[in-house]
Amino acid sequence: MTDLTQLRIGIVGGTGPQGRGLAGRWAHAGVAVIIGSRDADRAASVATEVGAGVTGAANDRVADDADVVVVSVPWSAHPTTLTALEPYTRGKVVIDCVNPLGFDERGPYPLSVSEGSAAEQAQRLLPQATVVAAFHHVSAVQLSDPTIEAVDLDVLVLGDDRAATDLVIALAETIPGVRGFYAGRLRLAQQVEALTANLIAINRRYKAHAGIRVTDV
């Protein structure tokens, strides 16, 4: 297993709630993190807020400098962002945690993606990268709350490369309380992404920050 403390994790779209939360948890575990944004100054400002071990830069610089790239952008920005970053992701593991969701007066619902899922779209747009789908169901509120020492959830990890999925599982498990589980090939990412809509509905009804736990493993 790779020594995670020797890796640089770049979070594209890292100024959002989930990106900030993951950055803080990984930095606390001793992993170097670079937060990315379209605005380099904003990325640097947010990195300062997150704390020691986190730096900030423009998205392209982040993808170029990182060993592992995390994609945490709004669904509407997904294809254009990845297309621009393709030259910087070649030969790297790319973790896609984007959920293609819509919202209307009846609540959240999954959107149709021509490739099948956001993760499969990422793999099409980044053909020389190894895409892994993960971190779709992680509460940004819990990640960002320093009073929560252990985050009560499991991370479902999907991909077609064993070494890459093992690496992402190990990254997930640097967060206290979190377990990572291989949940199948990348082609199964569609239902994992869509399940986020159900969790949002649960959270709205019960005023919670629900996650997923895998039993009997």
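Restricting attention to the stretch 102-152, which residues are at positive phi and surrounded by fewer than 21 Cβ atoms within 10 Å (Cβ to Cβ)?
107, 116
Could you figure out which of (1) touching a strand residue (DSSP E or B) at 6+ places or on another chain (Cβ under 7 Å); (2) closer than 27 Å to residue 49 by Cα; (3) among the β-branched types (Val, Ile, Thr) isn't true of residue 212?
(2)
From the set of residues in the stretch 88-111 that are touching a residue at least 40 places away in the same chain (Cβ under 8 Å) and part of a loop (DSSP other than H, G, I, E, B), which is farthest from residue 74 (Cα to Cα)?
89
Does any residue in the stretch 181-202 that is assigned to a loop (DSSP other than H, G, I, E, B) come within less than 7 Å, Cβ to Cβ, of a residue that is buried (at least 20 other Cβ atoms within 10 Å of the Cβ) six or more places away or on a different chain, and which pairs are these?
Taking only residues 6 or more apart or on different chains, the pairs are 183/156; 183/157; 183/158; 183/192; 184/158; 185/158.
Right, residue 147: hydroxyl-bearing (Ser, Thr, Tyr) and in a helix (DSSP H, G or I) or not?
Values: hydroxyl-bearing (Ser, Thr, Tyr): yes; in a helix (DSSP H, G or I): no.
No, not satisfied.
Provide a single number: the residues in the stretch 191-217 that are among the charged types (D, E, K, R) and either within 26 Å of residue 115 (Cβ to Cβ) or touching a Leu at 6+ places or on another chain (Cβ under 7 Å) (or both).
Narrowing the stretch 191-217 to residues among the charged types (D, E, K, R): 193, 204-205, 207, 213, 216.
Now narrow it down to the ones that are either within 26 Å of residue 115 (Cβ to Cβ) or touching a Leu at 6+ places or on another chain (Cβ under 7 Å) (or both): 193, 213.
So the answer is 2.
Quick test for you: out of 165, 80, pick the one residue that is polar (S, T, N, Q), in a helix (DSSP H, G or I) and crowded, with 18+ Cβ neighbours inside 10 Å.
So the residue among 165, 80 that is polar (S, T, N, Q), in a helix (DSSP H, G or I) and crowded, with 18+ Cβ neighbours inside 10 Å is 165.
Scan the stretch 74-87 for residues that are free of Cβ contacts under 8 Å to residues at least 24 places away in the same chain and more than 13 Å from residue 13 (Cα to Cα) and report the count. Full working, then the answer.
Taking the stretch 74-87 first, the residues free of Cβ contacts under 8 Å to residues at least 24 places away in the same chain are 76, 80, 87.
Filter once more, so that each one left must be more than 13 Å from residue 13 (Cα to Cα): 87.
Result for the stretch 74-87: 1.
Answer yes or no as to whether residue 43 is touching a residue at least 12 places away in the same chain (Cβ under 8 Å), over 20 Å from residue 119 (Cβ atoms) and out of contact with any helix residue (DSSP H, G or I) (no Cβ under 7 Å at 6 or more places or on another chain).
Working: touching a residue at least 12 places away in the same chain (Cβ under 8 Å): yes; over 20 Å from residue 119 (Cβ atoms): yes; out of contact with any helix residue (DSSP H, G or I) (no Cβ under 7 Å at 6 or more places or on another chain): yes.
The answer is yes for residue 43.
For the stretch 1-59, enumerate the residues that are among the charged types (D, E, K, R) and assigned to a strand (DSSP E or B).
8
Please find, among 52, 29, 47, the residue that is over 18 Å from residue 97 (Cβ atoms) and surrounded by fewer than 24 Cβ atoms within 10 Å (Cβ to Cβ). Walk me through it before giving the result.
Working: 29 fails: over 18 Å from residue 97 (Cβ atoms); 47 fails: surrounded by fewer than 24 Cβ atoms within 10 Å (Cβ to Cβ).
Checking each option against the conditions leaves just 52.
Please determine whether any residue of the stretch 65-72 is in a helix (DSSP H, G or I), modelled with pLDDT of 95 or more and surrounded by fewer than 16 Cβ atoms within 10 Å (Cβ to Cβ).
Of the residues in the stretch 65-72, the ones in a helix (DSSP H, G or I) are 65.
Applying the additional criterion that residues be modelled with pLDDT of 95 or more yields 65.
Next, from what is left, pick out any that are surrounded by fewer than 16 Cβ atoms within 10 Å (Cβ to Cβ): none.
So far as the stretch 65-72 goes, no, none of its residues is in a helix (DSSP H, G or I), modelled with pLDDT of 95 or more and surrounded by fewer than 16 Cβ atoms within 10 Å (Cβ to Cβ).
Would a scan of the stretch 177-198 turn up a residue that is among the acidic types (Asp, Glu), over 21 Å from residue 67 (Cα atoms) and touching a Ser or Thr at 6+ places or on another chain (Cβ under 6 Å)?
Of all residues in the stretch 177-198, those among the acidic types (Asp, Glu) come to 193.
In the following step, the residues that additionally are over 21 Å from residue 67 (Cα atoms) were identified as 193.
Then drop every residue that is not touching a Ser or Thr at 6+ places or on another chain (Cβ under 6 Å), which leaves 193.
Within the stretch 177-198, one or more residues are among the acidic types (Asp, Glu), over 21 Å from residue 67 (Cα atoms) and touching a Ser or Thr at 6+ places or on another chain (Cβ under 6 Å).
Has the stretch 181-196 got any residue that is β-branched (Val, Ile, Thr) and surrounded by fewer than 17 Cβ atoms within 10 Å (Cβ to Cβ)?
No, the conditions are met nowhere in the stretch 181-196.
The values are calculated or read from the model by the stated rules, or taken from the named source; none is laboratory data. Because the structure is a prediction, the values reported are computed rather than measured. Glycine also receives a Cβ, built like all others from the backbone with ideal geometry; neighbour counts cover every protein chain displayed.
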